[in-house]
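See structure below.
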Amino acid sequence: MREAFAVEAEAELGEGADVRALGGAVTVALCGALEHPGPCPLAPHRTTTEPAGAVVRARVVLAAEADRRDEAVDRVRRALAVGRFTDPEGAEQRWRLLACRPVPLREAEQALAARLVSLP
């Protein structure tokens with residue numbers, strides 16, 4: 001059975017980097033490509049980012065089978081630790097990962113979490 005959970009990361013963006021690159025890196029790590037048919041194969045997810053000065057907080061809400069939770073968290077962590085992503089226009093986006101850890105879901109994320117869990 002799928003369970004919902006969250007991963008939170010903090011990263012320092014490189015000069016001119018687009019905050020959306022963090023979400024792109026996560027999507028490729030979890031799904032294999034930015035664009036793909038149907039639901040995400042490993043863990044349906046949504047990534048949000050909040051700039052906080054030079055640091056960006058990325059929060060990924062995911063739903064994965066209980067026995068694949070660690071794999072999903074590891075993929076998110078590794079994707080962000082690389083510190084770079086080539087966007088759809090071919091520009092390389094860079095950042096430096098400062099922290100990445102599983103965290104409890106927020107109350108405001110409960111509806112999203114329920115939707116992700118219920119996806120096919």
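Here is a list of conditions, (1) under 12 Å from residue 85 (Cβ atoms); (2) in contact with a helix residue (DSSP H, G or I) (Cβ under 9 Å, 6 or more places away or on another chain), and residue 9 meets all of them except one; can you say which number that is?
Failing condition for residue 9: (1).
Of the residues that make up segment 27-38, is at least one over 20 Å from residue 94 (Cβ atoms), touching a residue at least 24 places away in the same chain (Cβ under 8 Å) and of a type in the set (Gly, Ala, Ser)? Please lay out each step first, then the result.
Here is the first cut: in segment 27-38, the residues over 20 Å from residue 94 (Cβ atoms) are 30-33, 35-38.
Remaining after also requiring touching a residue at least 24 places away in the same chain (Cβ under 8 Å): 30, 38.
Narrowing the set further to residues that are of a type in the set (Gly, Ala, Ser) leaves 38.
Yes, there is a match, as at least one residue in segment 27-38 is over 20 Å from residue 94 (Cβ atoms), touching a residue at least 24 places away in the same chain (Cβ under 8 Å) and of a type in the set (Gly, Ala, Ser).
Going by what's in this entry, would residue 30 be described as among the aliphatic types (A, V, I, L, M) and at pLDDT 95 or above? Break it down stepwise before answering.
On the way: among the aliphatic types (A, V, I, L, M): yes; at pLDDT 95 or above: yes.
Answer is yes for this residue.
For segment 33-65, name all the residues that are charged (D, E, K, R) and at pLDDT below 95. Before the answer, list the steps.
Just the residues of segment 33-65 that are charged (D, E, K, R), to begin with: 35, 46, 50, 57, 59, 65.
Answer for segment 33-65, where residues must be charged (D, E, K, R) and at pLDDT below 95: 35, 50.
The values are calculated or read from the model by the stated rules, or taken from the named source; none is laboratory data. Owing to the predicted nature of the structure, the values given are computational and were not obtained by experimental measurement. Backbone-built Cβ (ideal geometry, glycine too); neighbour counts: all protein chains shown.
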